[in-house]
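Each reported figure results from applying straightforward, stated rules to the coordinates on display, with no laboratory input. Not measured: the values here are computed from a predicted model. Positions of Cβ are backbone-derived with ideal geometry, glycine not excepted, and every protein chain shown enters the neighbour counts.
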Amino acid sequence: MLSALVAGAAIWYLQEYGYYAEVPASAPEAAITLTGLDGVAEPLVTAGFRGIDAGSSPLRFRACFTTPVSLATLTETFRIYDHPTPLIGPRWFDCFDAGRLTEDLETGAAVAFLGKAGIHPGVDRVVAIYPDGRAFAWHQLDGGGDE
């Protein structure tokens, strides 16, 4: 019984804390881009970047930040991502609420854009932006039809 308890605690710790590392705003992976209607990824002006990633999976990237660019300008210039699916992150990374983000994307309170297709093989970076400039990024499998 003790072995099972220790193993369970170790698995929980590794999933919640062990693999993740904070991404400094100056790191290359913190550079947020959006893909234009012409298919070219362009840098997005951001502030207050907070991110996490893990070398164990390309799907563990999450980021929270703001942008001063208006949502109207973004929707006229960049590709909308048709099937955004925010992935749940560790509880301690509390700026990223995948459940709330999913609801807001479904109701239109936020809009998802293709950040960069193929950021890793078979994985896209998706960026969701609210009208007030709050923004979130994550990686998801590219099966969303945005090729």
**Q.** Local net charge near A98, Cβ-Cβ under 12 Å (Lys/Arg +1, Asp/Glu -1)
**A.** -1
(Q) I need the fraction of alpha carbon pairs in the chain separated by more than 25 Å, rounded to a whole percent. (A) 27 percent
**Q.** Neighbourhood net charge (9 Å Cβ-Cβ; Lys/Arg +1, Asp/Glu -1) for T33
**A.** +1
Q | Distant-in-sequence amide H partners of Y81 (H built 1.01 Å from N, under 5 Å) | A | A112, F113, L114
Q) Which net charge results when you count Lys and Arg as +1 and Asp and Glu as -1 among the other residues whose beta-carbon is under 12 Å from that of P24? A) -2
Q: Kindly express, to the nearest 10 degrees and within the range 0 to 90, the angle between helix 98-107's C-alpha long axis and the longest C-alpha principal axis of the chain.
A: 30 degrees
Q. Per residue of the chain, what 222 nm ellipticity follows from adding -39500 (n - 2.57) for every DSSP H run with n ≥ 4, rounded to the nearest 500?
A. -5500 deg cm²/dmol
(Q) Please arrange T73, T85, T35 by how many other C-beta atoms lie within 10 Å of their C-beta, fewest to most. (A) T73, T85, T35
Q) Considering only DSSP states other than H, G, I, E and B, which chymotrypsin sites (Phe, Trp or Tyr not before Pro) in segment 19-102 qualify as loop sites with at most 12 other Cβ atoms within 10 Å? A) W92
Q. Residue by residue through segment 41-52, which ³J(HN,Hα) values in whole Hz follow from phi under the Karplus form 6.51 cos²θ - 1.76 cosθ + 1.60 (θ = phi - 60°), with glycine and proline marked x?
A. 7, 10, x, 9, 5, 9, 9, x, 4, 9, x, 9
